[in-house]
Amino acid sequence: MSGSGRTTARSRVRSSSEPDANSFREGRPKFNRHRGRSKYGSSIPLFNNVSIKLVLAIGFFAFFIILFFIRHLVNSVPEPRLPRAITPFPAPKIMDLPQFQGEHKESLYWGTYRPHLYLGIRARTPQSLMAGLMWIGVKDGRYHLRHVCRHEDDLSTYGWKKHNGRDYGHQVLVDHGMILTTEFLKSKSDGSGYGGDWAVRIDVQIDKSKWNEEFGKGGQLFFYLADEGGNVLDVTQENLNIRENSLLASGSQTDIGDWQLHLKSPDDLKLHYSGFRTPHYHNLSDLVEENLASQIRKHAQLQLSDSSDDSSNVLVFQIIGGFPFTTDIVLISGTDSVSSRVEERVNSLTGTSLSNELKYKEQAFDEKIEKIFNLAEKVDSESISVGKAAVGSLLGGIGYFYGQSKIALSRTLNFRKHVDYVSYWPAELYTAVPSRSFFPRGFLWDEGFHQLLIWRWDIHISLDIIGHWLDLMNIDGWIPREQILGNEALSRVPEEFVPQHPTNGNPPTMFLALNDIITGLKNNEFTGKDRGEISMFLERAYVRLEAWFQWFNTTQSGKQMSSYYWHGRDNITMRELNPKSLSSGLDDYPRASHPSTDERHLDLRCWMLLAADCMHSIEKLLDKETRPGKNYGSTANLLSDHDLLNQMHFDNAYGAYFDFGNHTEKVQLKWKEMETEQSYAPRQLVRDVLERPVLRFVPHIGYVSLFPFMGRIIPSGSWILEKQLELISNNSLLWTDYGLRSLAKTSSMYMKRNTEHDPPYWRGPIWINMNYRILSALHHYSKENGPYQDKAKAIYTELRSNLIRNIVRNYQQTGFFWEQYDQIKGKGKGAHPFTGWTSLVVLIMAESYGTI
């Protein structure tokens, strides 16, 4: 996962058309203040001997002449233009294609699209009716209200064990002895409104060996509805009694018509409620806590107030039951239609009918897993179970977001200073997220890896997601790399990391997925209908992909032809051991010690080869004519020229590929007493350079060194391929029993902190996205005739086995997929659950690698 950093520069200057006050005074004509008189002292007779009609005609004509000039002057004042950085790309939107309308759009209307919550449901529309779950858990002898996914809640496990991305999900959450199972189901039947109906089943049990009965023999859930459009939500009865009436609430929405919320349970449950009027939806748990605290003070009871604010747009229902208990909650849409059949539809989505439908969906999920990935022939049953959870976690983490990105106006990347910004246009984004707890929003370079799995599962969802991302492109061909849209997303991000910098890129990993999809077209892996829709998608997307490529090719190019470097590194920092390249996605991976325009970044050069090769494939697929200055085939040939690559990036002494730049190895972090106005002198860890840098290769063996190998640029008969295989398999460099470490143990930066507060991130730990790409290349070379074929195959087999075994073991022991894995003992580290590219373990199990 990449951290947050971005740069830009757009300055706002006053228009030259704005008048200056002094210019009015200086340019004012001087008028005679005394009237002209005759020698007799009388007024001059202006109209003597002149026809009054002629004078009126001349006056009338003069009036229109003056009016014309006034209007011309008004219209000549230019309208203020949007800064280019926030001007949308001038082309038809991809999401306006017919294939994303109609049945497709309606089928994805409802979903678990609030991934930052333990359970959150919304529609893919900016003004949605939303739902969510809270409950009271116990930690360290104290009650806590659970709602938002947080590391500090310290749940033993949570995540979607199974989820098909459309209408079914099964999740298990274990909270200090309390076990909650949540299941989600959508249904479209006769009489239902737009998007159909949905049901949630919540089952609550306890592990008696871990639950202290001093904290009660029952559980308390809080299920809520909130209307972003501000529509009033009605409680149907003051004294809720589900034995007499399952109806809890009702309301109306423009999209779905009238709706009703029902609750049914075979258990003896008590219900209370509270209604709130609020424009804010990111802090609903605060409202619930305040209401409960008030009730405790007044009545010494932990229950909601059974009252509502006027015109409430949020309703919270407290469900109290003795362990174990189960409840089914159903939202029925279109209840105002003549054929609504409400009772029949409620019954079909509760009780035994719901149990049967959930069982059917679960079986369908299992069968689809086997059909697509064929795991039974590849791995054992324990690995298959973990593989299913990986797919479910990724698909269950797909979210819908709406809002405006903040775009920085300064080129200076300094997180310690306030950055002025302008707002992007209001936009929606449908995307998977890397981590529901730590990164519950869209990240551009992560998303390309997510799509490697998602397109294989559901090509329509994949194209929908890619289309949403490409529609975020501005007029220059730039896409903000981190999407912080709406208050729910904004509330989770430190202020200094929010502004996006339009001079900074992010690896164009969408080309990985698009390249795979194009290969699938060539191999006839799609139905005729899907082939047609993919072709229409590529036709509409082509102009945006072209602009994206050109943005990289112009803004990130280096001094030498076919060289590139990541913009946005801080060249004046005094606190970083090695200035980060956040835009590369590899954050603190060591680069040239002194950022400059002389840098040549190996990984970006290889990303550009991928992009050029993919553009060339799309060009041929769509029968596009090659245009001057946009010959993607020639660009791909240039960037894949092995001899040229070696001249620019290969160090014969090390037998490895490196970055190039202004560099010295003699840099350290040193404690220094800082001069301040305070009575004490604080100590800070600052950068200390002991040697003048020179232009040279940057001698750090790690993931970046292997990018030409990942891109399959090295000929299968080249001695350099043998050197790459040696680097990979050397225990003293990259090899571990758990996967390949990100940086060699011999590197001077290995496991070094980058600042006082930044522990090593890409300086040793094992990352699954890079291991997947390396495995893909090993698999390729193991199939290529050449002197190193057998060696590549042996390394591939062992590395694949190590990765699968370690991820499966960690999941079984901890209940989570992890952001990275420790290179010493293989233990999961960082953000968890990491529902993003760690899910690529499924493709590793399936040996499904694509073309590049």
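The values are calculated or read from the model by the stated rules, or taken from the named source; none is laboratory data. In this text the structure is predicted, and so the values were computed from the model without any measurement. Quick reminder, even Gly has a Cβ in these numbers, built from the backbone with ideal geometry, and neighbours come from all protein chains shown. Heavy atoms of the whole protein, side chains included, go into the accessibility calculation; ligands, DNA and RNA do not. Shrake-Rupley method; radii C 1.70, N 1.55, O 1.52, S 1.80 Å.
Compactness check for the stretch 356-455: Cα Rg over 2.2 N^0.38 Å is 1.53. Here the accessible area is traced with a 1.4 Å probe on the protein chains. For the chain, carbon and sulfur cover 50 percent of it. At a probe radius of 1.4 angstrom, the accessible area of the stretch 271-381 per residue rounds to 50 square angstrom.
Exposed loop sites here are trypsin sites (Lys or Arg not before Pro) assigned a DSSP state other than H, G, I, E or B and surrounded by at most 11 other beta carbons within 10 Å; excluding them, the longest clear run of the chain is 560-824. Global dimensions of the stretch 707-852 from alpha-carbon coordinates: Rg and Dmax equal 15.3, 50 Å.
The calculated FRET efficiency for Lys139 paired with Thr597, based on their beta-carbon distance and R0 = 56 Å, is about 0.60. Mean sequence separation of contacting Cα pairs (under 8 Å, at least six apart), scaled by the length of the stretch 394-493, corresponds to a relative contact order of 30 percent.
Tell me whether the stretch 174-315 comes out rounded, prolate or oblate; compute the Cα gyration tensor, take square roots of the eigenvalues as a ≥ b ≥ c, and use a/c under 1.5 as the rounded threshold. Note, shape of the stretch 174-315 comes out oblate. Rounded if a/c is under 1.5, else prolate if a/b beats b/c, else oblate: with a ≥ b ≥ c from the C-alpha gyration tensor eigenvalues square-rooted, which is the stretch 104-234? In terms of gyration-tensor shape, prolate.
Amide H contacts under 5 Å for Met130: Ala226, Asp227, Glu228, restricted to partners 5 or more places along the chain or on a different chain, H placed in the peptide plane at 1.01 Å from N. Computed from phi, the 3J(HN,Hα) profile of the stretch 707-723 under the Karplus parametrisation 6.51, -1.76, 1.60 (θ = phi - 60°) reads 4, x, 5, 4, x, 6, 7, 6, x, 5, x, 6, 5, 5, 4, 4, 4 Hz, with x in place of Gly and Pro.
Efficiency by 1/(1 + (r/R0)^6): what FRET value for Ile824 and Arg531, r their Cβ-Cβ distance, R0 = 56 Å, to the nearest 0.05? For R0 = 56 Å, the calculated efficiency reads 0.70.
Convex hull volume per residue, computed on the Cα atoms of the stretch 254-365, equals 171 Å³.
Using alpha carbons only, the radius of gyration of the stretch 759-834 set against its Kirkwood radius gives Rg/Rh = 1.06. With only the Cα atoms considered, the stretch 572-690 has a convex hull volume of 155 Å³ per residue. Size check on the stretch 508-611: the Cα extents along the three principal axes, sorted descending, read 58, 23, 18 Å.
Across the stretch 289-294, rounded Karplus estimates of 3J(HN,Hα) from the backbone phi angles (6.51 cos²θ - 1.76 cosθ + 1.60, θ = phi - 60°) give 4, 5, 5, 5, 4, 5 Hz, Gly and Pro being marked x. What pairs in Lys388/Lys827; Lys388/Lys745; Lys580/Lys723; Lys378/Lys620; Lys210/Lys361 have C-alpha atoms more than 26 Å from each other? Table pairs above 26 Å Cα-Cα are Lys388/Lys745; Lys580/Lys723; Lys378/Lys620; Lys210/Lys361. Can you bin the chain into rounded, prolate or oblate? Criterion: square roots of the alpha carbon gyration tensor eigenvalues sorted a ≥ b ≥ c, rounded for a/c under 1.5, prolate for a/b above b/c, oblate for the rest. Here the chain falls in the oblate category. Between Trp818 and residues 5 or more places away or on another chain, which pairs have amide H atoms under 5 Å apart, with H built 1.01 Å from N, and which residues are they? Placed amide hydrogens put Phe834 under 5 Å from Trp818.
Estimated from helical segments only, the mean residue ellipticity of the chain at 222 nm is -10000 deg cm²/dmol, where each DSSP H run of four or more residues counts as -39500 (n - 2.57). Relative contact order, whole percent, for the chain stands at 12, derived from Cα pairs under 8 Å and 6 or more residues apart. Any idea what the relative contact order of the stretch 598-724 is, in percent, if you count C-alpha pairs under 8 Å spaced at least 6 apart? This gives 27 percent for the stretch 598-724. Computed over protein heavy atoms with a 1.4 Å probe, the accessible surface of the stretch 526-605 works out to 32 Å² per residue. The value for the stretch 106-150 of Rg(Cα) / (2.2 N^0.38 Å) is 1.45.
Give the cross-link partners of Lys139 among the aspartates and glutamates, using a straight C-alpha distance below 14 Å as the criterion and excluding same-chain residues fewer than 8 apart. In chain and number order, the partners are Glu152, Asp153, Asp154, Asp175, Glu213, Glu214.
Rolling a 1.4 Å probe across the protein heavy atoms gives the stretch 118-229 an accessible surface of 34 Å² per residue. Rounded to the nearest whole Hz, the Karplus-based 3J(HN,Hα) values (6.51 cos²θ - 1.76 cosθ + 1.60, θ = phi - 60°) of the stretch 534-551 follow the sequence 5, 5, 5, 4, 5, 4, 6, 6, 3, 5, 6, 4, 5, 5, 4, 4, 5, 4, with x at glycine and proline. Taking amide H atoms as placed 1.01 Å from N in the peptide plane, the amide H of Ile206 lies under 5 Å from those of Ile179, each 5 or more residues away in sequence or on another chain.
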